[in-house]
1. Suppose we filter segment 244-256 for residues that are surrounded by fewer than 24 Cβ atoms within 10 Å (Cβ to Cβ) and within 12 Å of V290 (Cβ to Cβ); how many remain?
2. Tally up the residues in segment 207-222 that are surrounded by 11 or more Cβ atoms within 10 Å (Cβ to Cβ) and at positive phi, please.
3. Would you please name the residue that is farthest from A140 (Cα to Cα), looking only at residues in segment 261-314 that are hydroxyl-bearing (S, T, Y) and in a loop (DSSP other than H, G, I, E, B)?
4. In contact with a Lys or Arg (Cβ under 7 Å, 6 or more places away or on another chain) and surrounded by 20 or more Cβ atoms within 10 Å (Cβ to Cβ) - does that describe any residue in segment 193-206?
5. What pairs can you find where one residue is in segment 160-181 and of a type in the set (A, V, I, L, M, F, W, C), the other is part of a strand (DSSP E or B) and surrounded by 14 or more Cβ atoms within 10 Å (Cβ to Cβ), and their Cβ atoms are less than 6 Å apart, with a gap of 6+ or different chains?
6. Please count how many residues of segment 263-287 are under 12 Å from L227 (Cβ atoms) and among the polar types (S, T, N, Q).
7. For segment 202-232, name all the residues that are small (G, A, S) and out of contact with any Ser or Thr (no Cβ under 8 Å at 6 or more places or on another chain).
8. Looking only at segment 216-235, which residues are over 21 Å from D274 (Cβ atoms) and free of Cβ contacts under 8 Å to residues at least 24 places away in the same chain?
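The values are calculated or read from the model by the stated rules, or taken from the named source; none is laboratory data. The model shown is predicted, which means the values in this text are computed figures rather than measured ones. Cβ placement follows ideal geometry from the backbone for every residue including glycine, while neighbour counts extend to all protein chains displayed.
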Amino acid sequence: MALDALTFRPVRPEDKARVIAFTYNTWGDDEDDYIKDVFDEWLIDPRGEFTAAVLEGQVVGIAKLTDMGDDEWWFEGLRIDPAYRRRGLASEFNRYHVALAQQLGGKVIRYMTGGSNVGSQTIGARAGFRHIITYTAHLADAAHLTDTVQLGDAVREFAPPTLLTSADLAALTRWIDSPLMRHLHGVYRNAWVAKTLTVAELRCALEAQLVYGVKDGQGNLAAWALLRAEEYDDDSEDSRHRRLRVDHLDGEMGAVTELARQIRTLAAARERTDVSAGICDYPPLVQAVVEAGYRVNPDKFGLWVLELKLTSNS
């Protein structure tokens, strides 16, 4: 197959049946792909591009370039028809979307892939992407207020966390340049994307009532957490479990441990079975959540975030 015949164009409504057909069994075992759920939304996105790769008049692959704001772009939903895999199409898609992001004024493009997806990682590396973050899912059972935890020689009951409000915005901003955020290259996870943590992002999260924290004896914010919005409750990984999910934790690590415990209480109050937290590869954070009773979820693979800085010469 000659790739010089390959062309790219925006996906069209009439492509839907073809796309759904070759993405249906992406994950194997007849497990539905989410592409069918986002196809119509991606089709009408006024920024970026929902792109089709075409050979001899037939759509053989798709991918989405999504505008994250602030000149940041997200590469997602790359799918190649199984009959056309291992022929270089994914690399061509990567190159096409990098060039498109640059053309649209992008300063950085990122994507997320499985920690065991060597093919995707290799394609990214060849295009200049670098691996900046690894997330590993950690689980903890929900804990009721009457449950107790042994802390040294003392036994304490679980307590609920504090919902933070707009009044806490100034206190939150100090964590934009925390040791953890420097480890993360300034990027935080928000469900299935990763983007730069800014004051505007914090403000939106507060307004959505997704931020919880713990304060010290002087009323200073000592740790905070960003929960995932309930709109993601129907994700496939929740098909058998009702989980409260945490996308970001930061603060003084002793306080992070306390907050991670308190979130287990919040899960019980919301009638969730457990808490699932995406924990990055920052050893103090990993230790803090383990001390709070969290453990690695053996059923989930790690997730890599890869990043490419775009310049005028890219």
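1. 1
2. 1
3. If we take residues in segment 261-314 being hydroxyl-bearing (S, T, Y) and in a loop (DSSP other than H, G, I, E, B), then S312 is farthest from A140 (Cα to Cα).
4. Yes - at least one qualifying residue is present in segment 193-206.
5. L163/Y212; L164/V211; L164/G213; A171/L221; W175/D250; L180/D250
6. Count: 1.
7. A205, A208, G217, G219, A222, A223, A225, A229
8. Correct list: G217, Q218, G219.
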